[in-house]
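The values are calculated or read from the model by the stated rules, or taken from the named source; none is laboratory data. What you see is a predicted model, and the numbers here were worked out from it, not measured in a lab. As a convention, Cβ positions derive from the backbone with ideal geometry for all residues, glycine included, and neighbour counts pool all protein chains shown.
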Amino acid sequence: MIAVSAIGTVAVVAGAIALAVGLDPHGGAAPPVRSAEQSGTPARVGLDAASDAQARRMRRVTQALGAELSAAAHCATAECAVPALRHGVMGGRTNAMLAGVVIAGVPAGRCHDYLFGLQMANAAAQDDAHWLLPKLYERGDPRREIFTQLALAGHMLRHAALAAPADVCSPAADGPRG
């Protein structure tokens, strides 16, 4: 008789092989990936007004989240920091996700690199805030550690937002990495 763990191992290996050769996990071939031309969404060749507006908006929301986290680092009580930590979790995650959407429509270059930096900074701030929030309810006095981490996360977001000129994603700035 075959052991249950051996059956599970065989199933995992078979599933990995099926995915590697392009089979859908529920049987049959996986649907073909559609290109931008086939989906009706025109592929952008260079930077345009939309990429500039999206990058400027990402800059503003990243700066605002950084300012909120930095301000919370100067709170006198842990209860004062709770809203900023909650905004850090949700805002950081949302900003990182939206930055990924904007990056998908931007060609490789300075703008792409800048948006990638914003995405990573927001994701890191989300992780930090997510880690700090339950620490407010631990025994002892974790406020010093929490407030120090809030200040660092706020600084990181502000630094990432100001890492490139405001017009880095404008059509006039379109060019190779420098």
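Here are the numbers:
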quantity	calculated
Members of segment 82-103 found to be among the hydroxyl-bearing types (Ser, Thr, Tyr) and more than 11 Å from the chain's Cα centre (by Cα), listed by number	none
Residue pairs meeting the criteria (Cβ under 9 Å; at least 6 apart or on separate chains; first closer than 15 Å to ARG59 by Cα, in segment 80-99; second of a type in the set (Phe, Trp, Tyr))	ALA99/PHE116
Candidates VAL106, VAL61 - the one that is surrounded by 15 or more Cβ atoms within 10 Å (Cβ to Cβ), under 17 Å from the mean Cα position of the chain (by Cα) and modelled with pLDDT of 90 or more	VAL61
Boolean, LEU136 is under 17 Å from LEU157 (Cα atoms), free of Cβ contacts under 8 Å to residues at least 60 places away in the same chain, assigned to a helix (DSSP H, G or I) and over 16 Å from the mean Cα position of the chain (by Cα)	no
Failed item in (1) out of contact with any Ser or Thr (no Cβ under 6 Å at 6 or more places or on another chain); (2) modelled with pLDDT of 80 or more, with ASP52 passing the rest	(1)
Test: residue in segment 121-129 that is at pLDDT 85 or above and either among the hydroxyl-bearing types (Ser, Thr, Tyr) or loosely packed, with under 14 Cβ neighbours inside 10 Å (or both)	no
Single condition LEU157 does not satisfy, out of (1) within 22 Å of ASP48 (Cα to Cα); (2) in contact with a Gly (Cβ under 7 Å, 6 or more places away or on another chain); (3) part of a helix (DSSP H, G or I)	(1)
Residue in segment 160-169 that is assigned to a helix (DSSP H, G or I) and surrounded by fewer than 20 Cβ atoms within 10 Å (Cβ to Cβ) present	no
Among the residues listed as GLU68, GLU79, the single one being exposed (fewer than 10 other Cβ atoms within 10 Å of the Cβ), within 30 Å of TRP131 (Cα to Cα), at pLDDT 55 or above and within 28 Å of the chain's Cα centre (by Cα)	GLU79
